[in-house]
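Data first, discussion second: the structure below is written as C-alpha cells.
The values are calculated or read from the model by the stated rules, or taken from the named source; none is laboratory data. In this text, all values refer to a predicted model and were calculated from it rather than measured experimentally. We place every Cβ from the backbone using ideal geometry, glycine too, and count neighbours over all the protein chains shown.
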Amino acid sequence: MKTFCALSFCLALLGMITGCGVKYSGIGGNAGDATIATLRANERFSQSLKLDNPKDFDDAKRGLIAKPSGKITNAQGVVLIDFDAFMFVEGKAPQTVNPSLWRHALLNAQIGLFRVAEGIYQLRGFDIANMTLIEGRTGWIVVDALTCRESAEAAIRFARRHLGNKQVSAVIFTHSHIDHFGGALGVTSPEEVSRRKIPVIAPDGFMEEAVSENILVGTAMARRAAYQFGMALDRSAKGMVDTGLGKAVASGSCGILVPNIVIKQPRETMVIDGVRFVFYNMPGAEAPAELTFLLPDKKAYCGAEILTHTMHNLLPVRGAKVRDALRWADYLQQALEHAVDAEVCFNVHHHPIWGRTNIAEFITMHRDVYKYTHDQTVRLINAGYTAREIADRIKLPTSLDAYMSSRGYYGDLRHNVKAVYQFYMGFYDGNPANLDPLPPRDSARRYLDLAGGAGRVIAAAQDAFDKGDYRWSAELLNYVVFAEPDNGNAVELLARTYEQMGYMAEAATWRNSYLTAAFELREGPPKKGFDKSYVIDMLMQTPIEYFLDAMAAGLDGPSAEGKDLTINLVISDTGESHVLWIENAVLHHKKAAPAANANATIRLTKNLFIKMVAGTAGVKDTLMNSELKIDGSRIDLVRFFTLIDRAPGTFAIVTP
C-alpha cells in the first residue's frame, strides 16, 4: 500500500518553481554555415548602422582594475561560469552572427573589476548582472547580489583581493528578479545581518514579488528560459554568443535575504554607512518591485534595470506578465530629472555612461523608444490592425533606430509591439476564425492533406529556403513537423532554417531561441528538468500559501471530478495550519485550524516540507523521519496527492 512520502508530495509540487536554469545532457549539434542569403542580409545590416564607433568600447573598458580567469564551480564541480568560454568573441563579426549583435557581444565581453567613480566599483561578467560595491565608512555597500551564492562569493572575493578585505556594511536589492538577489547568501548571511545589524534595503513589495514570481507557471517558464538563454548551445560563433543582458547566467544555489528596510515612498533619503542615498520607487514596469537611486555627493545615478544598453523586453521570450511600456516611459522622464546633476550613470547590467550630456541622451533615447513603441502600437490598434500586422508595420524613426544603446539585443521591437497589443487587447485579434481554432497538430495534418502531402510542402519550403525566405520556410515546415514529427527531411530542413534565422537575428534572445530550436529538432528536448535543490535557501523564505496555490493549479480536474477529500496540513515548527479540500474538481486551501472532518492530517516541519518541494527528501528519508506524522486515512491521503499532476519541465516545444 502506498504511504505519504516524497513521491506523493512531489507529484504536487516538484517542478512548479522556476530555478536559475535548465541543464542539458549535451551541447552543440550539427550547425551549418551561413547561406548566401544570410551573408547578404548581415552585410546589409552592417552597412545600415555605425558599428565602428569606439566610444562605447572605451567606456566598456574604462576603469578596469583586474580581469578574472578560470571558472566558477559549485560544490559538485559543475562549471557555472567559465571566464574563458567567450574568448572567441573578438575581432570582426563572423558570418554566422548578426554584426550588430556581435558588437554588443564584444562590449559584454569586457569583464572584470572596474572603478566607476570615486568609491564606486562594479564587477561585470561574474554573472548575467553586475554587482556594484559602494565604499562606505566601515565597509562595502553591496548593490545587487547576482544570481547564485557561488557567483556572488567569487565576485566579492575577487574584489577584496584587489580592493582590500572590507566587510559588508549594507546590501541593496534594486528589484525582484532573481539575478539581482539570488546570490545574497554568498555576500553575507541572515545570522551576520542580525548580529551586526546590517541594513538590507529593497523596494516596497520586493519580498512578495521575489519569492512568488513564476511559482504558478514556473515549470513552463524554466523550460522556455532554456531557449531564451541558449542553455543547450555551445559557446561559439555558431552557438551562443551572448544573452543580451550579459554573457551568461550562473545556475547555482539561489537564496535570499529578508529586507529590514523597505523603501515605500516615491522618494526617500537616507544615510547608509556614511553615504547619502536618495531612493526612488519605480514599480510595475521592468519589475513589479524596483527602485533606482542617486548618490548626490558622488554625482552618481543608478538606473537599476529600467536603463540598460539594449531595448528591454516588454514580454520576455520565456514568458511573464506583460510590462507597462507607458509607465516605463514615464519613469524614464522622472529619471531625467533625478539624474540631472549626475556625472555618471551606472546600472545593474552593462557598462556605465559618463558625462551629463551623454547621460541625458541615454535616458531620453530609452524613454522615447518605449513611448514610440507604445503610442504607435495603440494608434494602429485603433486603426484595426492585428498584433502581427502591427509588428510588421512599425519601424523606429531614424533618430531612435540609429542609437546603438537602445537597439534590440535583449528585447525586440516586433516582440514588444505584440506585448503592447496583448497588454490592452489580449491574445484575440477580433477575427472570429481565431476564436476557436484547431489545435496545432490537427490543423497541420489538414493543411498537409489540402496541399497534397508533406512532399509538396517540403518542396515549397526548400524553394523558400533557397531564396532566403526563411520566415515562410519555417511556417511551412512547422506544419509538416507537427503533422509528421518523424519526417526526417522536414525536421532537418526546419533545423537549417532556424539556424539561418538565428545567424541573422540581432536580438540575442531570438538567436538563442532559433538555435536552441534547431538543436532540439536534432537532439530532442532535455531529459531532465531543473533541479529544485538549488533553490532551497530561497524556498525557505517562501510563504506556504504560494506552494498551495501551485498545487491547486496542478490538480487534474477531470480525474478530480466527483471527489470529496479534505486534508489538514500542519507545519509543526511554525504553528501554521492549512486546510485543503477538493470541491467541484477545484482544490481550495485556507489558513485555518485543522478541520475535524478531514480525511487525513499531515504534520511536518517546514524544513522537511521544503525538502519535499525540492525533491531532496527521498522515500526512505521521509517515511522514517520523526519530523513527519500522519493521522487519519493514508489511503485517502494517497488518493488526494495522486490527483496532482507532476510537471517535469521537459515538454517538447518545436515538435508535438
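Assess whether Tyr421 counts as being among the hydroxyl-bearing types (Ser, Thr, Tyr) and without any contact (Cβ under 8 Å) to a residue 24 or more places away in the chain. Before the answer, list the steps.
Working: among the hydroxyl-bearing types (Ser, Thr, Tyr): yes; without any contact (Cβ under 8 Å) to a residue 24 or more places away in the chain: no.
No, not satisfied.
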Which residue is farthest from the chain's Cα centre (by Cα), if the candidates are limited to the range 121-171 and must be more than 21 Å from Phe277 (Cα to Cα) and polar (S, T, N, Q)? Asn165
Out of all the residues in the range 467-483, which are part of a helix (DSSP H, G or I) and without any contact (Cβ under 8 Å) to a residue 12 or more places away in the chain? Trp472, Glu475
What pairs can you find where one residue is in the range 182-197 and under 15 Å from Trp140 (Cβ atoms), the other is among the hydroxyl-bearing types (Ser, Thr, Tyr) and crowded, with 24+ Cβ neighbours inside 10 Å, and their Cβ atoms are less than 8 Å apart, with a gap of 6+ or different chains? Gly183/Thr147; Gly183/Ser151; Gly186/Ser151
Would the range 226-235 turn up any residue that is modelled with pLDDT of 95 or more, outside any helix (DSSP H, G or I) and hydroxyl-bearing (Ser, Thr, Tyr)? no
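Conditions tested, residue by residue: (1) buried (at least 24 other Cβ atoms within 10 Å of the Cβ); (2) under 12 Å from the mean Cα position of the chain (by Cα); (3) over 27 Å from Pro296 (Cα atoms).
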residue	(1), (2), (3)
Phe181	yes, no, no
Ile215	no, no, yes
Gly255	yes, no, yes
Arg267	no, no, no
Quick one: which of Gln95, Gln76 is assigned to a loop (DSSP other than H, G, I, E, B), more than 22 Å from Arg407 (Cβ to Cβ) and of a type in the set (S, T, N, Q)? Gln76
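To keep it simple, each residue is scored yes or no on (1) modelled with pLDDT of 95 or more; (2) surrounded by fewer than 17 Cβ atoms within 10 Å (Cβ to Cβ); (3) in contact with a Leu (Cβ under 7 Å, 6 or more places away or on another chain).
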site	(1), (2), (3)
Ala12	no, no, no
Ala34	yes, no, no
Ser46	no, no, no
Pro54	no, yes, no
Is it true that Ile65 is assigned to a strand (DSSP E or B), in contact with a helix residue (DSSP H, G or I) (Cβ under 9 Å, 6 or more places away or on another chain) and more than 21 Å from His180 (Cβ to Cβ)? yes
Those residues that are in a helix (DSSP H, G or I), farther than 14 Å from Ile65 by Cβ, of a type outside the set (S, T, N, Q) and touching a residue at least 60 places away in the same chain (Cβ under 8 Å), I need them from the range 118-172; list them, please. Arg149, Glu150, Ala154
Restricting to the range 399-454, give me the number of residues that are assigned to a loop (DSSP other than H, G, I, E, B) and among the acidic types (Asp, Glu). 3
Filter result for Glu576 (of a type outside the set (Gly, Ala, Ser) and over 26 Å from Asp531 (Cβ atoms)): yes
